[in-house]
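The values are calculated or read from the model by the stated rules, or taken from the named source; none is laboratory data. Just so you know, these numbers come straight off a predicted model, no measurement behind them. Backbone-built Cβ (ideal geometry, glycine too); neighbour counts: all protein chains shown. The protein model used for the area step is the full one, side chains on, heavy atoms only, and it has no ligands, DNA or RNA in it. Shrake-Rupley method; radii C 1.70, N 1.55, O 1.52, S 1.80 Å.
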Amino acid sequence: MGFWGRLFGRKTPAAGEVPPGSSKAWAVEPREALMRQVEALLRADPAVEKVERRTQDYGLDITRAGSDGTFFLDNLFADTRELPPEQRVQLIQRYLRALWQESPDSLHWEQARELLLPVLRASTFGMSLQKPAEADREMVGRRTLPFLRELLVMDLPESAMFVQRRHLETWGVTEDEAFTAAHANLARLPDEGVELYDEEHGPLWTVETRDTYETSRLLRPGFLAAFASRVEGRPIAILPERSTLLIGGDARPELVARLTESAEREYAAASRCLTPALYTVDDAGRVVPYVHPGQDVLANRVRLAHVRLALAEYSAQKEELDALHAEQEVDLFVASYSATARKRDEFPISWCVWSHDVDALLPEADMVAVRPAAEGDEFFTVPWREVQRIAGRCLTPVPELWPPRYRTTEQPSPEMVKQLRAAQVTFEDFQAL
């Protein structure tokens, strides 16, 4: 069964089923079987001096040729679990070769610049909350679409390695110079894999270039906009996981619904998920989140996909921040990003809580449940835009956090609380801009 069969809902082996060609041992304890297989291949390498299992993670600590390293197996497990034994061994060996390949640290800028490419990742991917001494190991990236980041990688023979800030220092170049080189390389990537998939509800195109940079092509200026002549309506794209890019048009609701369903399903199933949301282009040809016109079921479902991405990213961010604050003994409340569906029409609404007697980091949501310090547990709800208008001076953006959060740096004055209360609306009465 091919990838597109999985994407559009044909039968996929369920968890625990034996993939075709797999051994019974693989089916009984698949994670343990993979661990043993990797251990055996490592110990067969005469240059490997030590192989030890990690106690806290699914991975191995390895010493090879005098150098120490760690091999985490979760991605390898996801990539190999449905492969027959021979292909599984080949992929494991490829992963191991990637561990031993030449490090970016040893390359000069003239060599490195030809290998750079941009990639899209979720906003919390590789979330960098290191201590100051480790800041040079932060991945080089910039914010693009909501809840996504553009990162730099070096396209090496066996894998792509992320560029860190220390590499820029070694090469003696700025971040802008590195991104310029990466985009020049991206422009040279061939597009032979862009093919018409079907025309069931209007033309639907696949980007199946098999170079693992399918979704990177959305970063190429004008790439998505160029499909305006190939689809019906505005071009819309889904990129639920890193190597999947499907492009159609929004003229027919049936195709919008089909893409929305496919993005939701594949995002939920992918081990390297990216986004369940849909994207289009604005009048200037820039890629932007897609909003389906109207207030019907389909429009709400398209909106919900964007809310789901925000839920996933804010949840991952909160987990990392809570862990960091616990380690550093910092008393700072990280507010949750929550969502609900309005009863009368299932319109998705996001919300967070602002309790005025708590030092907190608030996510940017549709609504804020406000609790004044002097009024006990009595909450009232106010649209985020009104909170910013009335009490914006009490909220300070934290520039290093993405997705965005705001520190509650002061309590609202009694006059602000009065204005906030006057601006309150219920979830049923909330109107999105």
Could you please find all residues in region 281-305 being over 13 Å from Ile236 (Cβ atoms) and either among the polar types (S, T, N, Q) or open to solvent by 40 Å² or more (accessible area, probe 1.4 Å) (or both)? Asp283, Ala284, Arg286, Gly294, Gln295, Asp296, Val297, Asn300, Arg301, Arg303, Leu304
One residue from Val231, Val256 being open to solvent by less than 40 Å² (accessible area, probe 1.4 Å), part of a loop (DSSP other than H, G, I, E, B), modelled with pLDDT of 95 or more and not aromatic (Phe, Trp, Tyr): Val231
Open to solvent by 80 Å² or more (accessible area, probe 1.4 Å), more than 30 Å from Arg121 (Cβ to Cβ) and of a type in the set (A, V, I, L, M) - does that describe any residue in region 383-390? no
(1) among the aliphatic types (A, V, I, L, M); (2) in a strand (DSSP E or B); (3) more than 18 Å from the chain's Cα centre (by Cα) all hold for Ala299 apart from (2)
Out of the residues in region 45-61 that are open to solvent by 80 Å² or more (accessible area, probe 1.4 Å) and not in a strand (DSSP E or B), state the one that is modelled with the highest pLDDT. Pro46
Complete set of residues in region 178-193 that are modelled with pLDDT of 95 or more and either basic (Lys, Arg) or closer than 14 Å to Gln111 by Cα (or both): Ala178, Ala181, Ala182, Asn185
Over region 64-84, the set of residues open to solvent by less than 50 Å² (accessible area, probe 1.4 Å) and either in a helix (DSSP H, G or I) or β-branched (Val, Ile, Thr) (or both) is Leu76, Phe77, Ala78, Thr80
Inspect all residues belonging to region 305-328 and state whether any of them is polar (S, T, N, Q), out of contact with any Gly (no Cβ under 7 Å at 6 or more places or on another chain) and assigned to a loop (DSSP other than H, G, I, E, B). no
Search result, residues across region 329-371 that are outside any loop (DSSP other than H, G, I, E, B), over 18 Å from Gln388 (Cα atoms), open to solvent by 40 Å² or more (accessible area, probe 1.4 Å) and not aliphatic (A, V, I, L, M): Phe333, Thr340
For region 184-198, what are the residues that are over 25 Å from the mean Cα position of the chain (by Cα) and among the hydrophobic types (A, V, I, L, M, F, W, C)? Leu196
Going through region 165-218 in order, the residues found to be open to solvent by less than 40 Å² (accessible area, probe 1.4 Å), under 20 Å from Tyr279 (Cβ atoms) and β-branched (Val, Ile, Thr) are Val194, Thr206, Val207, Thr209, Thr215
